[in-house]
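The values are calculated or read from the model by the stated rules, or taken from the named source; none is laboratory data. Computed from a predicted structure; not experimentally measured. In this analysis, Cβ positions are derived from the backbone assuming ideal geometry, glycine residues included, and neighbour counts consider all displayed protein chains. Accessible surface areas use protein heavy atoms only, side chains included; no ligands, DNA or RNA. Shrake-Rupley method; radii C 1.70, N 1.55, O 1.52, S 1.80 Å.
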Amino acid sequence: MSAEISTTRAMRRRSVLPGFGISIAITTLVMTAMVIIPLSVLALRAASLGPTEFLAAAWTPRARAAYAVSLGASVVAAAVSSVCGLLVAWVLVRIDFPGRRLLDSLVDVPLALPTAVAGLVYSTLYVERGWLGRFLVPLGIQGAYSWLGIVLVLVFVSLPFAIRVVQPVLESLDRDSEEAARMLGANRVQTFLKVIFPAIFPAVLTGFALALARALGEYGSVVFISGNMPFKTEIAPVLIVSRLEEFAYAEATAIAVVLLAMSISLLVVVNALQQRVARNAQ
Amino acid sequence: MPKPTITTANPLTERLLIAAAVGVIGLLIIVPLASVFAEAFAEGPAAWWRALAHDPDTRHAIWLSLTVAPLAVAINTIFGIATAWLVSRFRFPGRSLLITLCDVPFSVSPVVAGLALVLIFGRQGLLGPTLASLGWKVIFSWPGLVLATTFVTLPLVVRELIPVMEAIGPEEELAAVSLGASGWQVFTRVTLPNIRWALLHGVVLANARAMGEFGAVYVVSGHIAGLTDTMPLRVEKLFQEYRTPASMAVASVLAGLALVTLVAKFVIERQLEAEARELEAARSLPDTLAGSGTPPDAGPPTSTQASIP
């Protein structure tokens, strides 16, 4: 530790720019107080439970069902976001049409719109008398208070991530290899699958991972639309909150740690996958 | 801008693709956004105004949101500038760890973040007894709301600043120091003017997220009407009480704020693009003029940020 501090001092001396001391003080203070201490306390609290107690709290049938709903709905939503995101990014980058800039700006709405508003609006749209529900409910499609509803709002909140990651990569794509493929007789579908898609696949995968991470943690919008029925439409964050409201702190903490491990390990897996894809491409 | 080439799709395919993209955005974003305002004003502007201004709990929620969000944004601005300065101007052990840590709040569920705060500051938490004996309240009170909001918005300002500060490089600041400027002078006369649009961009995004945060705030607030309900929590409370029109009125204010945010974001992004072009032009100038001018040596660019909105 002290060796680290002395090297830090040495580095600082080498730079003539001011402000290292005060900046590192502010950064360390905020980072420690806001991120490191809270997450450590969470982990320590879960560790203090001991393995049997932890399992008893985190692995109840209701909790397992909640993980399954969370994971299932998030994976489906992230996949839908990735496909729709690729489509929208493609249109925004490759086709010029009136209203393109407006459409581009609208993509950011889910980042700026509070998730509670999204949840409220989606649930009123898809109920039987809602704008969309009046057409869908007679067909047997229940968009509100159902698993489908969870997926719908998760697609809403995660869509910008899927689009904004793919868009710059599509923009910087070299058109020459595409044209070469077409000249050599490949049709459009072949060109897309063999030339374009491999080039943008890492970006699509990154978008999927970010969408998934966002969807797994989402609470505000889901709580409005899911109906929150245990074993059916209860996601893990909702279960954490209901345990907290019963003052069952140990159980809430255990479930939170599982959720945290889930999102972090998923990100690690997809990161590794992505590096492999990048290596193959070279 | 798409140029006509051999790879340009035929007009019919293009039209179908545009229709599909507009369909996706329309169904997922435009229809819900339009319906917020339609539902909020369904009974006329007078009813809308009554729902907002004549309900003391709603009034308090608006006031509380307008207090908590700026506090969280202020903490994030100071943290963002300090951290971006460190990362872009100094090399020190733990630098890449710091960059990773900045993104952690993005991958933590807001509910989990709120729970962590309860475990520290709650009545049965680590500091609970100490706080109680001092008579301070963090959980179920506004300091908890500020902490929770700060956590979820922590990456937003710093993420905007790091790439911009790295692109600008330290030359102007080094020149200012060599001419005898103090640290504060360097910051206010050189750094701040250079990063102002990026900073504003981050602040606008952080503010939007702060005003709309639900999960983390829900856990720490205890949602006491007229005391610890922020606007998004008020939306939920009214909805639970089957007062959907009033809930929609509050939601429409938040949606209006989101639209203002997007317009501001659009304007700021144009300024940022213009400045990036200017910077590029300035960089290429010495080479084209003399041919002997050495490009400013800022060291290898260390772009560590993925391009995420």
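The listed residues are A:Leu42, A:Leu17, and the only one of them that is at pLDDT below 95 and more than 27 Å from the chain's Cα centre (by Cα) turns out to be A:Leu17. Taking every residue in region A:120-143 that is assigned by TED's automatic domain parsing to the domain that holds A:Gly220 and under 23 Å from A:Gly220 (Cα atoms) and pairing it with any residue that is in a loop (DSSP other than H, G, I, E, B) and open to solvent by 20 Å² or more (accessible area, probe 1.4 Å), at least 6 positions away or on another chain, the pairs with Cβ-Cβ distances below 7 Å are A:Leu125/A:Trp131; A:Leu125/A:Leu132; A:Tyr126/A:Leu132; A:Gly133/A:Val127; A:Gly143/A:Leu132.
Checking each residue in region B:136-174 for being among the hydroxyl-bearing types (Ser, Thr, Tyr) and surrounded by fewer than 24 Cβ atoms within 10 Å (Cβ to Cβ) picks out only B:Ser141.
The number of residues in region A:87-118 being more than 8 Å from chain B (Cβ to nearest Cβ) and open to solvent by less than 10 Å² (accessible area, probe 1.4 Å) comes to 1.
Determine whether region B:185-198 contains at least one residue that is closer than 20 Å to B:Ile268 by Cα, buried (at least 19 other Cβ atoms within 10 Å of the Cβ) and small (Gly, Ala, Ser). Within region B:185-198 (the criterion being closer than 20 Å to B:Ile268 by Cα, buried (at least 19 other Cβ atoms within 10 Å of the Cβ) and small (Gly, Ala, Ser)), the answer is yes, since at least one residue qualifies.
If you go through region B:128-153 and pick out every residue that is among the polar types (S, T, N, Q) and farther than 20 Å from B:Ile224 by Cα, you end up with 4. Within region B:72-95, the set of residues being closer than 23 Å to B:Ala208 by Cβ and free of Cβ contacts under 8 Å to residues at least 24 places away in the same chain comprises B:Ala74, B:Ile78, B:Ala82. Consider region A:183-205 and keep the residues that are at the interface with chain B (Cβ under 9 Å from one of its Cβ atoms) and open to solvent by 60 Å² or more (accessible area, probe 1.4 Å). The one that is farthest from A:Ile235 (Cα to Cα) is A:Met183.
Scanning region A:81-124 for residues that are closer than 15 Å to B:Ala21 by Cβ, β-branched (Val, Ile, Thr) and more than 17 Å from the chain's Cα centre (by Cα) yields A:Val88, A:Val91, A:Val93, A:Ile95.
Applying the criterion of being over 13 Å from the mean Cα position of the chain (by Cα) and modelled with pLDDT of 90 or more to the residues of region A:206-229, the residue that is surrounded by the fewest Cβ atoms within 10 Å (Cβ to Cβ) is A:Val223. Checking B:Ile120, B:Ile62, B:Ile75 one by one, the residue that is open to solvent by less than 20 Å² (accessible area, probe 1.4 Å) and of a type in the set (Val, Ile, Thr) is B:Ile120 and no other.
Each row is one residue, and each column tells you yes or no for (1) modelled with pLDDT under 50; (2) assigned to a loop (DSSP other than H, G, I, E, B); (3) touching a strand residue (DSSP E or B) at 6+ places or on another chain (Cβ under 8 Å); (4) open to solvent by less than 60 Å² (accessible area, probe 1.4 Å).
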position	(1), (2), (3), (4)
B:Arg270	no, no, no, no
B:Ala281	no, no, no, yes
B:Gly299	yes, yes, no, yes
B:Gln305	yes, yes, no, yes
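The set of residues from region A:39-62 being buried (at least 18 other Cβ atoms within 10 Å of the Cβ) and under 19 Å from A:Leu266 (Cα atoms) comprises A:Leu39, A:Ala58. Restrict the check to region B:69-76 and report whether at least one residue is in contact with a Leu (Cβ under 8 Å, 6 or more places away or on another chain) and either hydroxyl-bearing (Ser, Thr, Tyr) or within 14 Å of another protein chain (Cβ to nearest Cβ) (or both). Yes, that holds for at least one residue.
Here's the yes/no breakdown for (1) touching a Phe, Trp or Tyr at 6+ places or on another chain (Cβ under 8 Å); (2) farther than 27 Å from A:Arg214 by Cα:
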| residue | (1), (2) |
| --- | --- |
| B:Trp85 | no, yes |
| B:Phe106 | no, no |
| B:Gly114 | yes, no |
| B:Leu119 | yes, no |
| B:Leu127 | yes, yes |
| B:Ile139 | yes, no |
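Rundown of residues vs (1) open to solvent by 10 Å² or more (accessible area, probe 1.4 Å); (2) facing chain A (nearest Cβ under 9 Å); (3) under 25 Å from the mean Cα position of the chain (by Cα); (4) aliphatic (A, V, I, L, M), yes/no style:
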site	(1), (2), (3), (4)
B:Val203	yes, no, yes, yes
B:Arg209	yes, yes, yes, no
B:Gly212	no, yes, yes, no
B:Gly215	no, yes, yes, no
B:Val220	no, no, yes, yes
B:Ala225	yes, no, no, yes
B:Val235	no, yes, yes, yes
B:Gln240	yes, no, no, no
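As a summary of the residue check, A:Gly130 satisfies the conditions (1) assigned to a helix (DSSP H, G or I); (2) more than 19 Å from A:Val76 (Cβ to Cβ) except for the one numbered (1).
Among the criteria (1) surrounded by 24 or more Cβ atoms within 10 Å (Cβ to Cβ); (2) more than 30 Å from B:Val260 (Cβ to Cβ); (3) β-branched (Val, Ile, Thr), the one A:Val121 does not fulfil is (2).
Inclusion of A:Ala186 among residues that are in the same structural domain as A:Gly85 (by TED's automatic domain parsing), assigned to a helix (DSSP H, G or I) and among the small types (Gly, Ala, Ser) is not warranted. If you go through region B:78-97 one residue at a time, how many are closer than 28 Å to B:Thr188 by Cα, part of a helix (DSSP H, G or I) and open to solvent by 20 Å² or more (accessible area, probe 1.4 Å)? Within region B:78-97, residues that are closer than 28 Å to B:Thr188 by Cα, part of a helix (DSSP H, G or I) and open to solvent by 20 Å² or more (accessible area, probe 1.4 Å) number 6. For residues in region A:210-248 being in contact with a helix residue (DSSP H, G or I) (Cβ under 7 Å, 6 or more places away or on another chain) and more than 29 Å from A:Pro160 (Cβ to Cβ), which is nearest to the other protein chains (Cβ to nearest Cβ)? Among residues in region A:210-248 that are in contact with a helix residue (DSSP H, G or I) (Cβ under 7 Å, 6 or more places away or on another chain) and more than 29 Å from A:Pro160 (Cβ to Cβ), the one nearest to the other protein chains (Cβ to nearest Cβ) is A:Leu244. Which residues, counting only those in region B:39-71, are touching a residue at least 12 places away in the same chain (Cβ under 8 Å) and not in a helix (DSSP H, G or I)? Within region B:39-71, B:Phe41, B:Ala42, B:Glu43, B:Asp55 meet the criteria. Of everything in region A:236-254, what is open to solvent by less than 10 Å² (accessible area, probe 1.4 Å) and more than 16 Å from B:Ala216 (Cβ to Cβ)? Give them in sequence order. Residues satisfying the conditions are A:Leu239, A:Ala254.
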